[in-house]
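Student: Please see the structure below; I have some questions.
The values are calculated or read from the model by the stated rules, or taken from the named source; none is laboratory data. Note that the structure is predicted; figures quoted are calculated from it, not measured. When we count neighbours, we look across all protein chains shown, and the Cβ atoms used for this are built from the backbone with ideal geometry, even at glycine. Only protein heavy atoms, including side chains, enter the accessible area calculation; ligands, DNA and RNA are left aside. Shrake-Rupley method; radii C 1.70, N 1.55, O 1.52, S 1.80 Å.
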Amino acid sequence: KNMGKIARVLVICAHLLSVSAFIPASSLLAQRTIRVVQPSGLSSVYCLSEERRKALLQFGILATLTAAQPATAFDNAIAEYSKFAKKPKRRGDAPKDLGVAPRSINKNSLNADPKNFAGLRGCDGKTNCFSTTGDDLMEDRIQTGQDTLIKTWVPPADDAAPWASLVAEVKAYTPGQGFIDGGGFKVSKETESYIYVQFEALKKGYIDDVEFALSKDSSVQVRSSSRVGATDFGVNAKRLNYIAAGLRKKGWRIEDITEKTHPDYFYAATDAADQTFDQDRRKGSELQNARLERPSMGL
């Protein structure tokens, strides 16, 4: 009899785990029935008796369910997110080597000496990332893709707590500014010298990984990168420039990311925005109501 009950529980769990839905622990523990909506729109109703709830806990499946891929946005998402909450999401996987770790630059350079240091991850040459870690010379950086190097952020000498100033500015970020990050953001890790924040796109749930690390000289290392795609439609530049603007008002020295500093990045972003059918990707740009003029291939 007990084996039969366990078998039924496992069948339910197998189905729940196959559905990309987020089932809060509170719902599983408090409700007697759970409706699970699948991406196809079909739904199933499951009875969760006290015995079944205990069985879920006993087999450790409850923890697995509550850690499954969430279908909800972060708490500070804009109101419009509710329109897209049930749409399939493309969050991607975070790089496994985030954080401050031993890094090397100039390894293959002919004109710069190799350097080893503790710092943030560099970029992979795609136009969807910026980092203060990268080869010193432009000629070396473009061997593996586009130039994505930015300078470290420097606080004013009279700021007695520069790290606190930066963290406050990051946490004061406004989701939806510049028509980006409508899914909100959350701080995934924070220490006295490092902060890792995830930002979510409004419609498709793309997750960008953003990190800041305090160096011994009080400058701040920065990395902002998308997990998927060859371009980010300018999102990472908008995000960093927005945070940087708030810090500049407090005396920080931060170079703005512009078409002059990173022309290839902006060319790729503009080209992608021009070709997409997603109107939201063009909001706030010169392409909002127009397309680029391209050479005619006709005879």
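Student: Select from segment 114-135 the residues that are more than 13 Å from VAL100 (Cα to Cα) and of a type outside the set (D, E, K, R) and list them in ascending order. Let's see the steps before the verdict.
Tutor: Looking only at segment 114-135, we keep the residues that are more than 13 Å from VAL100 (Cα to Cα), and these are 114-115, 123-130, 134-135.
Answer for segment 114-135, where residues must be more than 13 Å from VAL100 (Cα to Cα) and of a type outside the set (D, E, K, R): PRO114, CYS123, GLY125, THR127, ASN128, CYS129, PHE130, GLY134.
Student: Right, GLY234: open to solvent by less than 40 Å² (accessible area, probe 1.4 Å), at pLDDT 95 or above and touching an Asp or Glu at 6+ places or on another chain (Cβ under 6 Å) or not?
Tutor: no
Student: Additional query: Output yes when any residue across segment 244-260 is surrounded by 19 or more Cβ atoms within 10 Å (Cβ to Cβ), at pLDDT 95 or above, within 13 Å of the chain's Cα centre (by Cα) and not in a loop (DSSP other than H, G, I, E, B), and no when none is.
Tutor: Taking segment 244-260 first, the residues surrounded by 19 or more Cβ atoms within 10 Å (Cβ to Cβ) are 244, 247, 252, 254, 257.
Restricting the remaining residues to those that are at pLDDT 95 or above gives 244, 247, 252, 254, 257.
Next cut, within 13 Å of the chain's Cα centre (by Cα) only: none.
There is no residue in segment 244-260 that is surrounded by 19 or more Cβ atoms within 10 Å (Cβ to Cβ), at pLDDT 95 or above, within 13 Å of the chain's Cα centre (by Cα) and not in a loop (DSSP other than H, G, I, E, B).
Student: A further question follows. Looking at (1) crowded, with 21+ Cβ neighbours inside 10 Å; (2) small (Gly, Ala, Ser); (3) more than 19 Å from the chain's Cα centre (by Cα), which one does ALA157 not meet, given that it meets all the others?
Tutor: Single failed check for ALA157: (1).
Student: Output the residues belonging to segment 204-235 that are farther than 23 Å from ALA118 by Cα and either of a type in the set (Val, Ile, Thr) or touching a Phe, Trp or Tyr at 6+ places or on another chain (Cβ under 6 Å) (or both).
Tutor: To start, the set of residues in segment 204-235 that are farther than 23 Å from ALA118 by Cα comprises 204-207, 228-235.
Across segment 204-235, the qualifying residues are ILE207, VAL228, THR231, VAL235.
Student: If you don't mind, there's one more thing I want to ask. For ALA164, which of the numbered conditions (1) under 23 Å from ARG253 (Cβ atoms); (2) in contact (Cβ under 8 Å) with a residue 40 or more places away in the chain; (3) assigned to a helix (DSSP H, G or I) fails to hold?
Tutor: Of everything listed in (1) under 23 Å from ARG253 (Cβ atoms); (2) in contact (Cβ under 8 Å) with a residue 40 or more places away in the chain; (3) assigned to a helix (DSSP H, G or I), ALA164 misses just condition (2).
Student: Right, next: If you take the residues of segment 187-223 that are outside any strand (DSSP E or B) and among the basic types (Lys, Arg), which of them is most open to solvent (accessible area, probe 1.4 Å)? Talk me through it step by step, then tell me what you get.
Tutor: Of segment 187-223, the ones outside any strand (DSSP E or B) are 191-193, 201-206, 215-219.
Checking the rest, the ones that are also among the basic types (Lys, Arg) come to 203-204, 216.
Working: LYS203: 64, LYS204: 102, LYS216: 212 Å².
Looking at residues that are outside any strand (DSSP E or B) and among the basic types (Lys, Arg), I get LYS216.
Student: Please go through segment 167-176 and give me each residue that is open to solvent by 30 Å² or more (accessible area, probe 1.4 Å), touching a residue at least 24 places away in the same chain (Cβ under 8 Å) and not in a loop (DSSP other than H, G, I, E, B), ordered by number.
Tutor: Answer for segment 167-176, where residues must be open to solvent by 30 Å² or more (accessible area, probe 1.4 Å), touching a residue at least 24 places away in the same chain (Cβ under 8 Å) and not in a loop (DSSP other than H, G, I, E, B): just GLU169.
Student: Sort out which residues of segment 160-185 are more than 13 Å from GLU200 (Cα to Cα) and touching a Lys or Arg at 6+ places or on another chain (Cβ under 7 Å), and write them in order of number.
Tutor: Passing the criteria: SER165, GLY178.
Student: Here is a list of conditions, (1) modelled with pLDDT of 95 or more; (2) farther than 25 Å from LYS249 by Cβ; (3) open to solvent by 50 Å² or more (accessible area, probe 1.4 Å), and SER226 meets all of them except one; can you say which number that is?
Tutor: If we test SER226 against (1) modelled with pLDDT of 95 or more; (2) farther than 25 Å from LYS249 by Cβ; (3) open to solvent by 50 Å² or more (accessible area, probe 1.4 Å), just (3) comes out false.
Student: Which of the residues spanning segment 198-234 are within 30 Å of ALA161 (Cβ to Cβ) and among the charged types (D, E, K, R)?
Tutor: Of everything in segment 198-234, those that are within 30 Å of ALA161 (Cβ to Cβ) and among the charged types (D, E, K, R) turn out to be GLU200, ASP208, ASP209, GLU211, LYS216, ASP217, ARG223.
Student: What strands (runs of 3 or more DSSP E) completely inside segment 49-149 contain at least 2 residues that are at pLDDT 95 or above and open to solvent by 90 Å² or more (accessible area, probe 1.4 Å)?
Tutor: Numbers: elements: 101-105, 115-119, 129-131.
Fully inside segment 49-149 and qualifying: 115-119.
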